[in-house]
1. Looking at segment 85-113 only, could you name the residues that are within 16 Å of the chain's Cα centre (by Cα) and either of a type in the set (S, T, N, Q) or under 12 Å from VAL195 (Cβ atoms) (or both)?
2. Being under 17 Å from THR172 (Cα atoms) and either surrounded by fewer than 16 Cβ atoms within 10 Å (Cβ to Cβ) or of a type in the set (Ser, Thr, Tyr) (or both) is the filter here, so list the residues in segment 78-108 that pass it.
3. Select from segment 56-84 the residues that are more than 21 Å from PHE189 (Cβ to Cβ) and in a helix (DSSP H, G or I) and list them in ascending order.
4. How do the pairs read when you match residues in segment 85-99 that are more than 14 Å from LEU49 (Cα to Cα) with residues anywhere that are of a type in the set (A, V, I, L, M), using Cβ under 9 Å and keeping only pairs 6 or more apart or on different chains?
5. Going by the conditions given, is PHE82 in contact (Cβ under 8 Å) with a residue 12 or more places away in the chain and under 19 Å from VAL195 (Cα atoms)?
Amino acid sequence: MCGGFTCSKNALITLNVLYIVVAFILIGVAVYGRAASLVTNLPIVGGILACGIILITISVLGLMGAVKHHQVMLFFYMLILFLLFLIQFSVACACLGVNQSQQEQLAEQGWVRVKNTTKENVQKTFMCCGFDKQVDEVVWHPPCDEVELKCCPNPSDRSCACDGCLDKLQSTINYAFKLCGWIGLFFSFTEILGVVLTRRYRNQQDPDQQLKATAIFPRHNFTY
């Protein structure tokens, strides 16, 4: 790690620019996860989205503090960044630790909460009917007349039935969880680097300020 004032300043500015890029990546991944699964109103994915938005705000604070070498801004930036690391690390571990059974429970909760129009759109988009056909359908869903016509073009075939939406969405849900988890886990460790770098930068003195102080109060060498 560089030890000079200018090097620390430039490194901190670069790191905050990287945080802004990371924040947009997190927001994009979270939005993709929700849009792809459509009905899984997952609180963990929402946590990733919130972390991305907060990270942008904190990055602006860090940039202003780094440019101005403002002690108060840098202190609050360092404190908030550490708290964000704890939250993001926990959320990322939760995403990676969710098993298939828990994913299905969260998906079912999302299916129950969404509006009927959303359920209809999901059934039409993924060519599925109801939530889960492997078990008894206990959650009401809109009629599948239009879907059944495409799944079962032969009306006389009474044994034909569309798959449940859970089967269609399972791979998408799992992919969204893993992607959010690994990205959040990887970039959360850069926030620790930001805390260490900010602490080092706060304790360094600006050489320009030292030159100004020397010019105002010059040192006199007296010879006796």
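Every number here is computed from the coordinates shown, using simple stated rules; none is lab data. From a predicted model like this one, the values you see are computed outputs, not experimental measurements. Cβ placement follows ideal geometry from the backbone for every residue including glycine, while neighbour counts extend to all protein chains displayed.
1. Matches in segment 85-113: PHE85, LEU86, GLN88, SER90.
2. Once the filter is applied, which keeps residues that are under 17 Å from THR172 (Cα atoms) and either surrounded by fewer than 16 Cβ atoms within 10 Å (Cβ to Cβ) or of a type in the set (Ser, Thr, Tyr) (or both), segment 78-108 yields LEU96, GLY97, ASN99, GLN100, SER101, GLN102, GLN105.
3. Listed by number, the residues that qualify are VAL60, MET64, GLY65, VAL67, LYS68, GLN71, VAL72, MET73, PHE75, PHE76.
4. PHE85/ILE192; PHE85/VAL195; CYS93/LEU185; ALA94/ILE44; LEU96/LEU185; VAL98/ILE44; VAL98/LEU106
5. Details: in contact (Cβ under 8 Å) with a residue 12 or more places away in the chain: yes; under 19 Å from VAL195 (Cα atoms): yes.
Answer is yes for this residue.
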